[in-house]
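K.L.:
Got a structure here, written out as structure tokens. Questions coming.
Coordinate-derived values only; no laboratory data. Quick caveat, the model's predicted, so the values are computed rather than measured. Here the Cβ positions follow ideal geometry from the backbone for every residue, glycine too, while neighbour counts run over all protein chains shown.
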Amino acid sequence: MKEFFLILFFSKWVQLTPAPVDLVGEWSIRPSNTLSAITPGAAIHIDLARSVPEAGVTKSGLEESIEILGRRIPSESVHGFLLTEAGERIELDQGGFSLENDRAWLVLRPDAGMPTDLEFTEVTIVSDVQIRGALVYWKNWSK
């Protein structure tokens, strides 16, 4: 019940990039406010609408979209980490795609779930492939 109320009152998306960015190599940002998770399902979401515009359930269908995304952004080609002010590092090594209507997202989260007792001051994404025009978000909960 507690988790339900946390999600109901405190869940949100935080846009970390004020404008689209090209992700390749190592990219970092220090958000103006610290990031903290209210559930272990919190994650970094990378909007792929500009980089892979043909992906999305209504555009290509589910199976074809997953194939397109897998070719453009191979598994394990993108990962990242979150840092706390004290220098604690949380690896974002669980990558996957989320599809909805006409959008595709790359989702990065820790394998064991996001810790809910830390405040993060920096986000770093490391990409072996170029992702053009990405918008990066912090999603503060997940079902």
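K.L.:
Using only alpha carbon pairs under 8 Å that are at least six residues apart, calculate the relative contact order of segment 23-143 and give it in whole percent.
P.N.:
48
K.L.:
What are the ³J(HN,Hα) values, in whole Hz, obtained from phi via the Karplus relation 6.51 cos²θ - 1.76 cosθ + 1.60 with θ = phi - 60°, for each residue of segment 111-124 in sequence order, with x given for Gly and Pro?
P.N.:
4, 8, x, 6, x, 9, 10, 10, 10, 9, 10, 8, 10, 10
K.L.:
Ignoring the sites themselves, what is the longest stretch of the chain with no GluC sites (Glu not before Pro) in a DSSP loop and at most 15 other beta-carbon atoms within 10 Å?
P.N.:
Counting only loop sites that pass the neighbour cut-off, the longest clear stretch is 1-53.
K.L.:
Now, a different point. Sorting ILE66, ILE38, ILE44 on the 10 Å Cβ count, fewest up front, what's the list?
P.N.:
Listing ILE66, ILE38, ILE44 from fewest to most nearby Cβ atoms yields ILE66, ILE38, ILE44.
K.L.:
Could you compute the FRET efficiency for GLU63 and ASP93, with r as their C-beta to C-beta distance and R0 at 30 Å, rounded to 0.05?
P.N.:
Efficiency computed from Cβ-Cβ geometry: 0.75.
K.L.:
Follow-up question, since we're still on this one. Can you give me the angle between helix 62-72 and the longest principal axis of the chain, using Cα atoms only, in degrees from 0 to 90, rounded to the nearest 10?
P.N.:
On a 0 to 90 degree scale, this one is about 80.
K.L.:
Amide H neighbours of GLY133 under 5 Å, counting only residues 5+ apart in sequence or on other chains, H built in-plane at 1.01 Å?
P.N.:
Amide H neighbours of GLY133: VAL21, ASP22, LEU23.
K.L.:
Let me ask you something else. Could you line up TRP13, TRP105, TRP27 from fewest to most neighbouring Cβ atoms inside 10 Å?
P.N.:
TRP13, TRP27, TRP105
K.L.:
Taking θ = phi - 60°, what integer Hz values does the Karplus form 6.51 cos²θ - 1.76 cosθ + 1.60 yield along segment 21-37, in sequence order, with x for Gly and Pro?
P.N.:
10, 9, 9, 7, x, 9, 10, 10, 8, 10, x, 5, 10, 5, 9, 9, 9
K.L.:
Quick one: dipole size for segment 21-128, taken about the Cα centre, charges +1 on Lys/Arg Cβ and -1 on Asp/Glu Cβ, in debye to the nearest 20.
P.N.:
240
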